[in-house]
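Novice: The structure follows.
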Amino acid sequence: MASYDAKTVVIDSINGYQASMPEENALILHMHELLQYLNRQGANTFLTVAQHGLVGDMKSPVDVTYLADTVILLRYFEALGKVRRAVSVIKKRTGSHEDTIREFRIHRKGLTLGEPLSGFQGVLRGVPTLVGDRQASSEILNDGGDHSQ
């Protein structure tokens with residue numbers, strides 16, 4: 001058996017694991033054992049789950065959030081005639097918890113994180129409505145919250 005001494009493991013995505021398992025119970029047991037093993041090896045493990053649906057209610061084919069220390073939701077939403085991306089932390093076991101929803105953008109220089117989308121509600125459902133100051137909210141979205149130098 002080869003040894004890679006990996007410190008970060010990314011499984012993209014759990015959907016493929018589920019397709020190869022005869023039952024969801026086998027998948028959950030397998031993921032639990034795999035995550036325990038990787039934790040004992042000192043590895044940081046990132047799992048992705050593709051959810052069905054871009055706007056409105058999303059459905060996840062399997063729920064392994066109880067195995068995670070932190071769960072981050074990446075979400076598409078529509079605003080001002082454009083498809084945007086939002087990020088939020090929906091679970092964190094240790095440390096302070098970030099409870100805002102922020103827009104993020106992917107550029108050729110990397111990723112930028114915007115100011116909290118405090119002027120909107122419904123972003124996580126993918127159909128935001130303006131509830132705050134229209135001018136300030138428009139500036140946040142037009143600027144993209146890109147405050148990188």
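The values are calculated or read from the model by the stated rules, or taken from the named source; none is laboratory data. These figures come from a predicted structure and were not determined experimentally. We place every Cβ from the backbone using ideal geometry, glycine too, and count neighbours over all the protein chains shown.
Novice: For ARG93, indicate whether it is at pLDDT 85 or above, within 28 Å of VAL64 (Cα to Cα) and surrounded by 12 or more Cβ atoms within 10 Å (Cβ to Cβ).
Specialist: Spelling it out, it is not the case that ARG93 is at pLDDT 85 or above, within 28 Å of VAL64 (Cα to Cα) and surrounded by 12 or more Cβ atoms within 10 Å (Cβ to Cβ).
Novice: Now a separate question. If you go through the range 56-73 one residue at a time, do you hit one that is in a helix (DSSP H, G or I), modelled with pLDDT under 90 and among the aliphatic types (A, V, I, L, M)?
Specialist: Yes, the range 56-73 contains a residue that is in a helix (DSSP H, G or I), modelled with pLDDT under 90 and among the aliphatic types (A, V, I, L, M).
Novice: Write out, first by first residue and then by second, each pair whose Cβ atoms fall under 9 Å of each other, whose residues are 6+ apart or on separate chains, and whose first residue, in the range 1-21, is without any contact (Cβ under 8 Å) to a residue 24 or more places away in the chain while the second is among the acidic types (Asp, Glu) and surrounded by 14 or more Cβ atoms within 10 Å (Cβ to Cβ).
Specialist: Partner pairs satisfying both residue conditions: none exist.
Novice: Looking at (1) outside any strand (DSSP E or B); (2) at pLDDT 80 or above, can you tell me which one LEU27 breaks?
Specialist: For LEU27, the exception is condition (2).
Novice: Looking only at the range 129-139, decide whether some residue is of a type in the set (A, V, I, L, M), surrounded by fewer than 14 Cβ atoms within 10 Å (Cβ to Cβ) and modelled with pLDDT under 60.
Specialist: The answer is yes; a qualifying residue exists.
Novice: Taking strands (runs of 3 or more DSSP E) that fall entirely within the range 76-129, which contain at least 2 residues that are under 13 Å from the mean Cα position of the chain (by Cα)?
Specialist: By residue number, 82-92, 102-107.
Novice: Can you confirm whether the range 104-119 contains a residue that is loosely packed, with under 15 Cβ neighbours inside 10 Å, of a type in the set (Gly, Ala, Ser) and over 27 Å from VAL64 (Cβ atoms)?
Specialist: yes
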